[in-house]
Amino acid sequence: QNQSMLAPQLLASPLAQQIGVALVATSPGLVTSPFHFIATGYGLSVAALAIHALQGALARGQVSPAVWAQGGLMAMFGMRLATFLHFRTQAESYKARPEMQEVKQRMAAVSLTKKVPMWVGVSAMYAAMCSPLQYAALSVQEQSTPLSLAATVVGLSAMAAGLVLEAGADSQKTAFKAQHPTRFCTTGFYSFCRHPNYAGEILFWAGNFLAALPTLTKSPSRWMWSGTGLLLIIQVMVGAVKRLAVQQETKYAENKSTATQWKLYTSSTPGLLIPGVAWPQKKK
């Protein structure tokens with residue numbers, strides 16, 4: 001009898017619910033392309049997990065202003081990203097890129113038996129990334145200490161700054177590429193570092209973790225699960241930046257029409273993620 005009751009209890013656990021929400025949001029990739037898992041499905045998962053956390057807190061009748069702010073920022077981040085990625089992947093100019101043609105061919109060759117582990121893996125990762133909000137929403141409101149209040153305020157500020165930075169960088173690059181399709185963007189946020197959109201994303205998720213830090217420290221399992229999500233997304237972003245740095249070097253430095261401008265840009269803007277800091281080192 002105890003064993004028969006265990007399965008429903010596990011399914012009703014916050015962790016299982018988080019992963020389940022992400023699985024639903026990414027599931028279209030099973031019938032379309034696994035690219036959905038890491039593109040539109042990513043944004044949809046974040047937005048859905050934010051709404052799920054806020055709904056749960058509302059049902060319990062305890063939503064603090066900090067949780068409202070954190071959940072609202074996460075929902076905006078997810079919806080904005082999903083919308084942006086959807087329209088970008090549908091654009092003919094984007095589909096025509098050689099690297100995207102290569103990605104399309106690779107994704108088309110992925111079998112269902114390989115899609116399923118990818119689907120479950122990325123969904124679990126998204127659930128871990130968003131779990132600080134879930135834990136903050138589940139926590140009973142307590143009197144804030146100056147230190148916990150500072151962590152929450154700094155975290156929420158970092159989330160807002162990361163959202164503005166990523167959205168602004170995406171918008172600036174899209175507008176620039178529409179006018180100069182063969183050139184690299186050097187204006188706006190791109191005049192400070194070469195990949196401000198990825199910097200904004202890392203800043204957002206670091207802020208999400210920090211905003212819920214007072215609740216995460218109460219449980220080692222919460223700390224480990226949420227920390228794993230943060231470390232994974234940072235690893236993914238840094239890896240993507242390294243790959244892009246190599247691609248851009250090949251595309252612009254080895255092209256006679258852009259080599260001089262690229263050299264000037266990279267010497268004046270050495271930072272890939274942080275202005276003035278040549279980190280991370282690009283892959284060779």
Residue pairs within 6 Å by beta carbon, gap of at least six or interchain, first lying in region 211-224 and of a type in the set (Ser, Thr, Tyr), second in a loop (DSSP other than H, G, I, E, B), listed first then second, are Thr215/Ser139
Within region 140-159, residues under 19 Å from the mean Cα position of the chain (by Cα) and surrounded by 17 or more Cβ atoms within 10 Å (Cβ to Cβ) come out as Gly155, Leu156, Ala158, Met159
message = Quick check on Ala66: is it open to solvent by less than 40 Å² (accessible area, probe 1.4 Å), out of contact with any Pro (no Cβ under 8 Å at 6 or more places or on another chain) and over 21 Å from Thr40 (Cβ atoms)?
response = yes
Q) Is one or more of the residues making up region 103-116 assigned to a helix (DSSP H, G or I), open to solvent by 70 Å² or more (accessible area, probe 1.4 Å) and closer than 20 Å to Asn197 by Cα? A) no
| query | Do we have Pro132 as assigned to a helix (DSSP H, G or I), at negative phi and loosely packed, with under 13 Cβ neighbours inside 10 Å here? | reply | no
Counting only residues that are of a type in the set (S, T, N, Q) and at pLDDT 95 or above, region 209-242 contains a total of 3
Restricting attention to region 177-210, the residues that are hydrophobic (A, V, I, L, M, F, W, C) and without any contact (Cβ under 8 Å) to a residue 12 or more places away in the chain number exactly 1
Residues in region 247-284 that are open to solvent by 50 Å² or more (accessible area, probe 1.4 Å) and over 19 Å from the mean Cα position of the chain (by Cα) total 23
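The values are calculated or read from the model by the stated rules, or taken from the named source; none is laboratory data. Just so we're clear, the structure is a prediction, and the values are computed from it rather than from any experiment. All Cβ positions, glycine included, derive from the backbone under ideal geometry; neighbour counts span all protein chains shown. Please note that ligands, DNA and RNA were not included when accessible areas were found on the heavy atoms of the full protein model with its side chains. Shrake-Rupley method; radii C 1.70, N 1.55, O 1.52, S 1.80 Å.
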